[in-house]
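These notes concern the structure reproduced below.
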Amino acid sequence: VQLQASGGGSVQTGDSLRLSCAASTRTVSNNGMGWFRQAPGREREFVAAIAWNGGGAIYADSVKDRFTISREYAKTTMYLQMSGLTPEDTAVYYCAATRGAWSSRSRSDYVAWGRGTLVTVSS
């Protein structure tokens, strides 16, 4: 499966953005999916993940209550609604699919990765 993230851009502190992740095949509808991000000079970190059926959403503490992950059941697109953005959210955001059906915080559970989309938040 190929994944493509989109929706990044340059925004101000406090603004919102919605990222999308489109998959090339419908088989991804059977897999958990997630978002990771990588800021300059830092390791790629977990942001949010969701199970195959749109349930089981989990978040990093740093984005909980500000970001919302979603997907439509049996569809091939996943979203990340981001609000209350701060400069600390500046990063390249990557979407990925797990080898199983459930959400996961662990990078090792993800077997397909898309190219990232850059989010830049200025103060």
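The values are calculated or read from the model by the stated rules, or taken from the named source; none is laboratory data. Keep in mind it's a predicted model, so treat the numbers as computed, not measured. Cβ atoms come from the backbone with ideal geometry, glycine included; neighbour counts cover every protein chain shown. Side chains are part of the model used for accessible areas, which takes the heavy atoms of the whole protein and leaves out ligands, DNA and RNA. Shrake-Rupley method; radii C 1.70, N 1.55, O 1.52, S 1.80 Å.
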TODO: For residues that are open to solvent by 50 Å² or more (accessible area, probe 1.4 Å) and over 12 Å from the mean Cα position of the chain (by Cα), scanning just region 104-116, find the one that is nearest to Asp15 (Cα to Cα).
DONE: Arg107
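Here is a yes/no grid of residues against (1) polar (S, T, N, Q); (2) surrounded by 20 or more Cβ atoms within 10 Å (Cβ to Cβ); (3) in a strand (DSSP E or B); (4) touching a residue at least 24 places away in the same chain (Cβ under 8 Å):
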position: Gln81; (1), (2), (3), (4): yes, no, yes, yes
position: Gly84; (1), (2), (3), (4): no, no, no, yes
position: Glu88; (1), (2), (3), (4): no, no, no, yes
position: Val92; (1), (2), (3), (4): no, no, yes, yes
position: Ala96; (1), (2), (3), (4): no, yes, yes, yes
position: Trp102; (1), (2), (3), (4): no, no, no, yes
position: Leu118; (1), (2), (3), (4): no, no, yes, yes
Open item on the list: Looking at (1) in a loop (DSSP other than H, G, I, E, B); (2) open to solvent by 20 Å² or more (accessible area, probe 1.4 Å); (3) out of contact with any Leu (no Cβ under 8 Å at 6 or more places or on another chain); (4) modelled with pLDDT of 95 or more, which one does Phe46 not meet, given that it meets all the others?
Closed with: (1)
- [ ] Only residues that are open to solvent by 50 Å² or more (accessible area, probe 1.4 Å) and closer than 20 Å to Ser103 by Cα: list them for region 26-43, please.
- [x] Arg26, Thr27, Asn30, Gln38
